[in-house]
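Data first, discussion second: the structure below is written as structure tokens.
The values are calculated or read from the model by the stated rules, or taken from the named source; none is laboratory data. Not measured: the values here are computed from a predicted model. A quick note on method: Cβ atoms are made from the backbone with ideal geometry, for glycine too, and the neighbour counts reach across all protein chains shown. With ligands, DNA and RNA removed, areas are computed over all heavy atoms of the protein, side chains included. Shrake-Rupley method; radii C 1.70, N 1.55, O 1.52, S 1.80 Å.
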Amino acid sequence: SKLAALFKHPLYNIPVPEVTEKDKLFIINPMEKFSLHSSGSDEWVSSSKAETLLLTGKTAYDTYPTWLKFHIGINRYELYPRQDPLLPTLLQDLATQRIVSSVQKSGGTQLKLIMTFPNYGQALFKPMKQTRDQETPIDFFYFSDFERHNAEIAAFHLDRILDFRRIPPVSGRLVNITKEIRDITTDKKLAKTFFISPAGNVCFYGECSYYCSTEHALCGKPDRLEGSMAALLPDKTLAKRRSWRSPWRRSYHKSKKAEWELNPNYCAQVRETPPYDSGHRLLNLIDMTILDFLMGNMDRHHYETFEKFGNDTFLLHLDNGRGFGTHSRDEPSILAPLQQCCSIKKSTYLRLQLLATEPYRLSDVLREAMAADPLAPVLAEPHLQALDRRLGKVLVAVGHCLAR
């Protein structure tokens with residue numbers, strides 16, 4: 001296993017700083033069990049009055065569902081640990097747990113559902129929009145591209161292989177539209193959009209600002225539909241997140257260019273602007289840039305951080321559905337932050353060099369990581385080959401910076 005060898009490599013065993021109480025997203029009393037608000041909300045709260053009878057030798061923590069252990073494990077430095085024993089169970093839960101509720105997630109240009117499990121865990125479901133071998137048409141603007149369910153799955157595994165661990169766990173899943181969405185939804189607006197197509201398939205389209213109409217309906221075969229299931233982060237009422245506009249955001253206009261596309265010295269002014277004038281924020285943003293270039297994702301207009309940790313923390317790499325749309329061409333402009341700032345974390349650079357060598361080839365370890373997903377193969381083979389080519393281009397860009 002190349003993947004197992006990779007995770008045993010010294011570069012993947014650099015210790016994270018010691019995690020103190022103030023570095024944890026949640027501080028919990030290990031003696032308390034967790035119960036739910038009586039209001040029927042899906043948020044969990046600490047309850048001293050909860051039944052405290054536990055099996056001999058078990059702690060209250062042992063009784064928590066896996067998704068709750070995942071939330072409790074989040075800290076200033078990582079979303080989940082490198083050798084996380086919870087990860088296989090969490091991915092299996094996302095793929096197999098019974099769905100008891102499906103409602104549409106508000107906002108966004110495309111249809112997404114929030115699905116709830118019997119243990120109150122929740123996942124974000126993105127349905128299949130196009131087949132794995134379809135490429136984004138060459139005349140499409142990045143902002144009118146589809147979101148791809150398989151890109152979300154591949155992005156999670158790629159992020160983990162790069163040792164960023166900033167994307168919540170994602171699993172593929174085959175969903176029954178009739179039993180797991182239509183029959184159990186309490187969302188009246190969503191319920192109104194179900195119909196049977198002329199081919200006899202169950203379809204629905206929901207309500208959203210862009211691709212929610214009968215022309216863009218999602219149809220099962222006859223009611224089976226592929227999708228990605230992403231573990232939800234803690235509710236924002238429990239763990240506030242801050243949204244940051246990316247300094248290298250695109251113009252989202254058919255003819256206008258953004259300032260960074262016109263000014264080659266743009267990075268100098270970014271370096272003087274908070275929060276990029278201190279800490280690792282700019283280097284973390286360049287990590288995200290490299291992830292996006294490898295995936296071909298041009299749609300990174302914002303990113304988020306946990307408010308509790310201030311500027312000294314990682315960036316959350318959420319919403320990766322517009323990655324892996326094209327394998328036959330690369331988008332060099334995604335690398336602008338790296339090229340303009342000529343900065344990269346040493347650890348990131350060393351890992352990229354490692355992933356360009358035969359024993360740890362990026363395409364091989366990613367293929368292996370995704371092989372256990374219920375929807376494998378997740379990516380068409382040309383996308384995996386494109387990753388190796390793009391990794392070479394990142395290393396060339398760093399080489400130019402070093403030469404300068």
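A few comments on the model shown:
- Lone unmet requirement of (1) touching a helix residue (DSSP H, G or I) at 6+ places or on another chain (Cβ under 9 Å); (2) surrounded by fewer than 21 Cβ atoms within 10 Å (Cβ to Cβ); (3) under 17 Å from ALA154 (Cα atoms) for LEU318: (1)
- Candidates ILE167, ILE184 - the one that is β-branched (Val, Ile, Thr), surrounded by fewer than 20 Cβ atoms within 10 Å (Cβ to Cβ) and at pLDDT 95 or above: ILE184
- Matching residues, the range 245-276, being closer than 17 Å to MET298 by Cβ, open to solvent by 60 Å² or more (accessible area, probe 1.4 Å) and among the polar types (S, T, N, Q): SER255
- Taking the criterion of being open to solvent by 40 Å² or more (accessible area, probe 1.4 Å) and among the hydrophobic types (A, V, I, L, M, F, W, C), the residues of the range 359-394 that qualify are ALA371, ALA372, ALA376.
- Summed over the range 229-244, the residues that are modelled with pLDDT of 95 or more and either loosely packed, with under 12 Cβ neighbours inside 10 Å or among the charged types (D, E, K, R) (or both) give a count of 4.
- Counted residues, the range 307-324 - those being over 13 Å from the mean Cα position of the chain (by Cα) and under 18 Å from ALA230 (Cα atoms): 1
- Checking each residue in the range 1-31 for being modelled with pLDDT under 85 and open to solvent by less than 40 Å² (accessible area, probe 1.4 Å) picks out no residue at all.
- Single residue of the range 64-95 satisfying the filter (of a type in the set (S, T, N, Q) and in contact (Cβ under 8 Å) with a residue 60 or more places away in the chain) that is farthest from PRO15 (Cα to Cα): GLN92
- Inter-residue pairs, beta-carbon under 7 Å, first without any contact (Cβ under 8 Å) to a residue 12 or more places away in the chain and under 22 Å from ASN75 (Cα atoms) and in the range 154-182, second of a type in the set (Val, Ile, Thr) and part of a loop (DSSP other than H, G, I, E, B), 6+ apart: none
- Residue in the range 88-128 that is nearest to the chain's Cα centre (by Cα), counting only those that are of a type in the set (D, E, K, R) and within 15 Å of THR193 (Cβ to Cβ): LYS112
- One residue stands out in the range 125-137 among those that are out of contact with any Leu (no Cβ under 7 Å at 6 or more places or on another chain) and either modelled with pLDDT of 70 or more or open to solvent by less than 40 Å² (accessible area, probe 1.4 Å) (or both): the one that is nearest to PRO169 (Cα to Cα), namely LYS126.
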